[in-house]
Structure formats: C-alpha cells, structure tokens
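Any read-out appearing in this document is the output of simple, stated calculations on the displayed coordinates, not a laboratory observation. As the structure is a prediction and not an experimental result, all values here were calculated from the model. Because the Cβ atoms are built from the backbone with ideal geometry, glycine has one as well, and the counts that use them run over all protein chains shown.
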Amino acid sequence: MRVSVVEVKRKRVEARVNERYMVDGHDVAHDRKRTLAASVAAGAEPSAEFAEAAAVEGVTPQALALTILAKPDELMTKENKRRSMVVRTRAAKTVAELEAIEAEADATAAPRTSRIFMQEGP
C-alpha cells in the first residue's frame with residue numbers, strides 16, 4: 001500500500017490550521033460581549049456585568065453597546081479565515097501548495113502566550 005506524501009501533509013496542515021485558529025477564552029468573552037451589546041442596543045436592560053463594563057469605560061451601557069457593535073466581529077472573521085484555509089488545504093494538489101498554506105497559518109495566527117509571562121511574582 002502506497003501512502004501519498006500529499007495526503008499525509010494535508011492532514012498535518014489541516015490540523016495546524018485548526019490549532020492556530022482555535023477559539024480561546026478571549027474569543028468566547030468577546031462574542032458574549034457582542035451578544036449583550038446587541039441586546040442593549042435593541043433596548044434590553046443591561047446585565048450587571050455589562051453595566052459595570054460601561055462604568056469602567058466611563059460611558060453609558062447604550063454608548064458602550066454601540067461602540068462594541070461598530071467594531072468588526074473578530075470571532076466570525078477568525079472562523080471565516082480558518083474555514084477558507086481548511087478548504088484550500090483540502091483542495092491543494094502539491095506539497096508546495098500545502099507548505100504555503102501552513103506558512104500563512106503560522107504567520108497570521110496570534111503567537112502563543114507562555115504561562116511564564118502570566119505568573120505573578122519573581
């Protein structure tokens with residue numbers, strides 16, 4: 001049985017793309033904030049957390065909602081980019097095409113945050 005180098009590479013590149021564009025806690029929090037902002041902008045009463053966030057910013061909850069909604073939906077943008085790279089990976093015919101996609105995923109993804117930088121103290 002022959003194993004295609006392209007097929008093996010394709011699986012690795014797709015896994016790399018999925019890893020690089022994985023949703024993290026920050027993405028989830030951002031998406032929740034957008035959902036709350038949409039509710040407040042539509043006239044709903046802001047949650048205590050949303051009202052607190054507005055107070056921290058020194059604006060009304062309604063003003064904060066409009067500011068949040070004026071920004072691009074980062075989670076959707078990130079997912080669209082991931083999906084487009086997965087589709088391109090599956091359509092790639094050569095190792096060179098796959099390596100170009102892999103390099104793009106590595107270059108555009110946010111760098112990993114090391115836990116050492118998140119620790120307090122010396």
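Quick rundown of the values:
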{"item": "The chain: Cα Rg divided by the 2.2 N^0.38 Å rule of thumb", "result": "1.47"}
{"item": "Approximate spin-label separation ARG12-ALA42, in nm, with each point projected 7 Å along Cα-to-Cβ", "result": "4.7"}
{"item": "Distance in nm between pseudo-label sites at GLU74 and ASP31 (7 Å out along the Cβ direction from Cα)", "result": "1.4"}
{"item": "Total formal charge among the other residues, if their Cβ is under 15 angstrom from that of ALA65, Lys/Arg +1 and Asp/Glu -1", "result": "-2"}
{"item": "Alpha-carbon centroids, the stretch 37-51 and the stretch 76-93: separation in whole Å", "result": "34"}
{"item": "Spin-label model distance (nm) - GLU19 vs ASP106, 7 Å beyond Cα toward Cβ", "result": "1.1"}
{"item": "Per-residue [θ]222 nm for the chain (sum of -39500 (n - 2.57) over DSSP H runs n ≥ 4, rounded to 500)", "result": "-22500 deg cm²/dmol"}
{"item": "Net lengthening on full extension, SER84/THR67 (0.36 nm per residue, minus Cα-Cα)", "result": "3.3 nm"}
{"item": "Estimated dipole of the chain in Debye, rounded to 20 [Cβ of Lys and Arg +1, of Asp and Glu -1, Cα centre]", "result": "840"}
